Amino acid sequence: MAKPMFLRSAKRQFNFTMARLLFGNKSTAPHFALVGSGSANHLCQRILESGHQRVLIVTDRPLRDLGIASRACEVLINAGIDLIWYDGVQPDPTFTQVREGAQILREQACTAILAVGGGSSMDAAKIIAATLDSTDEPESWAGINKAPDTAAPLYAIPTTAGTGSEATMGAVITHEGDQSKVVISGAALLPVAVALDPDLLLALPPAITAATGLDALTHGVEAYIGIWSRGTSLETARMCVRGVAHWLPRVMAEPGDSEARLGMSMAAYYGGVAINQVNVGAVHAIAHQLGAFYHLPHGVANAMVLPHVLRVFGDSAKTSLEELAPLMGVSGAGAAIDAMESLRESVGLPGNSDAIKVADYEKITERALEESDGYFSPKILTGSDVGQVLRAITA
Ligand SMILES: [Fe+2]
C-alpha cells in the first residue's frame, strides 16, 4: 500500500533540500577519462606507472572466453605483473558475487582493481573495491553515500556503451533472496580513471548495442527533466541525448564503424556524468522492478517504459522536453517522445512484454513508488500513473 501523497511529497521536499544543502554544486571525487582507439592500452600504462604489481581484473566469463578481456589489459599482461582474475560477474550482479571477488582481493593482496565489461562488471567491481578496508556486510551500505570512504583504486574499461557506470559513484547490486536491487553509492566508488576505447566494442551484438544505447538515452533524459540540476548535469545530459540520437542509428547500421562506436561511448559517458550529479528518475524506478521481477534487461525495460512515463509527466516535463526535441531532430515535447519511441522501434527493441503479469501490478507499483520517491523526477507518480504505464507495456 503506497503512503499518502502528502507524506511522500513532504519526504521528497526534505530529501531535495538536504541534497542541495549537502551537495550544492560540489563536484565529486577526482576522475579522468582516456578516449579513443588504443586508450585501453594507455589506461593500463597509467596503472603500471602508478606502481601496482598485483591487479584484480573483474569481468565476466563470456568476455574472457572471447579474449576481449585479455585484449583490454594486454599491456598489463605483457608487462608481466601479477593479474588475478575474477570472471564470475553475471548480469544483475549479486552480493554473493561481490563476496567472491572481495575474498580474492583480500587473499591475493591486490592493490588495484580493473573492471572490464558492462555495467554489471563495473558495479560489482565498485563494491568489491569498497571491501578493501571494511569488515561491514556490503548489504549494510544500501542507500545514498553509505559506502565506505576508502576503496581500492578502481579503473574501468567499459565494453558496452550505455550504463554510464564508468562515470558514476553508484552501483546496483541484487539480493539473491527476493531478487530486489539496491543502490550503493559513495565518492570512493567513482573509478579513478577509465578508457573509452571503441576498438573493444566493434563486435558488440546488435541487441546489446541497442538496449545499452536506450539506457544511455534514458539517463540523459531523466537527468535533464528532473527538478534538480547542478554542476554540468544539464550540459552533459544534452550531450548524451544528442549523441545517442546521432550515433546509435549509425552504429546499428555499421557495427564496425569505430567513429560511431566512439560517439556512442562518449554519449553514454556523458549520460553517466549527468546522473552522477542528479541521479536517474521514475523511469528507472519502474524499469528496475521489471528487471527484478522478470529479468528484463535493464536497457530493454527502460526503453519500454520511457515514453509512457514521459507522457504521464505531462506539463511537468513539457518545457524540458521541448528543449531536448531539437537534439533529436524534431520540434515540441510530444514529438520528442515520439522520436524516442521511434528510435526504440528502429533499433529493434520491443515496446511491450508478455512476461509482465497483471497479478504483479500491485507489488511492482508499490516498489516502484518507493524507489521513485528517492529521485527528483518532475512529477511525483501516483499508483494509477504506474498502473497506466504497466498496462501500456503489458503484451
Ligand atoms: Fe540505467
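The values are calculated or read from the model by the stated rules, or taken from the named source; none is laboratory data. Keep in mind it's a predicted model, so treat the numbers as computed, not measured. Please note: Cβ atoms are built from the backbone with ideal geometry, for glycine as well, and neighbour counts cover all protein chains shown.
Among the residues in segment 356-367, are any more than 28 Å from PRO4 (Cβ to Cβ) and either modelled with pLDDT of 95 or more or assigned to a loop (DSSP other than H, G, I, E, B) (or both)? No, segment 356-367 has no match at all. Among residues of segment 49-77 that are closer than 16 Å to GLY38 by Cα, none has a Cβ under 6 angstrom from a residue that is exposed (fewer than 13 other Cβ atoms within 10 Å of the Cβ) and not hydroxyl-bearing (Ser, Thr, Tyr) at a sequence gap of 6+ or on a separate chain. I'd like the full set of residues that are crowded, with 22+ Cβ neighbours inside 10 Å and more than 17 Å from the chain's Cα centre (by Cα), limited to segment 133-179. Passing the criteria: TRP141, ALA147, ALA151, ALA152.
Give all pairs with beta carbons closer than 7 Å in which a residue from segment 292-308 that is under 8 Å from SER353 (Cβ atoms) and assigned by TED's automatic domain parsing to the domain that holds GLY351 meets a residue that is away from the ligand (no atom under 11 Å from the Cβ) and assigned to a helix (DSSP H, G or I); count only pairs at least 6 apart in sequence or on separate chains. Every condition considered, the pairs that remain are LEU296/LEU290; MET304/ILE393. Can you say whether PHE313 is more than 11 Å from the ligand (Cβ to nearest atom) and either closer than 14 Å to TYR375 by Cβ or touching a His at 6+ places or on another chain (Cβ under 6 Å) (or both), as far as the supplied structure shows? Yes: the conditions hold for PHE313.
The lone criterion from (1) crowded, with 19+ Cβ neighbours inside 10 Å; (2) closer than 23 Å to ALA274 by Cα; (3) away from the ligand (no atom under 16 Å from the Cβ) left unmet by VAL183 is number (3). Just to check your reading of the model, which residue among ILE81, ILE77, ILE68, ILE57 is over 17 Å from LEU200 (Cβ atoms) and at pLDDT 95 or above? Just a single option satisfies the conditions, and that option is ILE81. From the set of residues in segment 117-172 that are among the charged types (D, E, K, R) and assigned to a loop (DSSP other than H, G, I, E, B), which is nearest to the ligand (Cβ to nearest atom)? My answer is LYS146. Among the residues of segment 264-284, those identified as among the hydrophobic types (A, V, I, L, M, F, W, C) and either within 11 Å of the ligand (Cβ to nearest atom) or not assigned by TED's automatic domain parsing to the domain that holds GLU222 (or both) are ALA268, ILE275, VAL280, VAL283. So which residues in segment 79-96 are among the small types (Gly, Ala, Ser) and farther than 18 Å from HIS42 by Cα, if there are any at all? The answer is GLY88, and nothing else.
Among the residues making up segment 90-145, a single one is without any contact (Cβ under 8 Å) to a residue 60 or more places away in the chain and among the aromatic types (Phe, Trp, Tyr): TRP141. Only a single criterion out of (1) under 20 Å from ALA237 (Cα atoms); (2) touching a strand residue (DSSP E or B) at 6+ places or on another chain (Cβ under 8 Å); (3) within 12 Å of the ligand (Cβ to nearest atom) is not satisfied by GLY213, namely (2).
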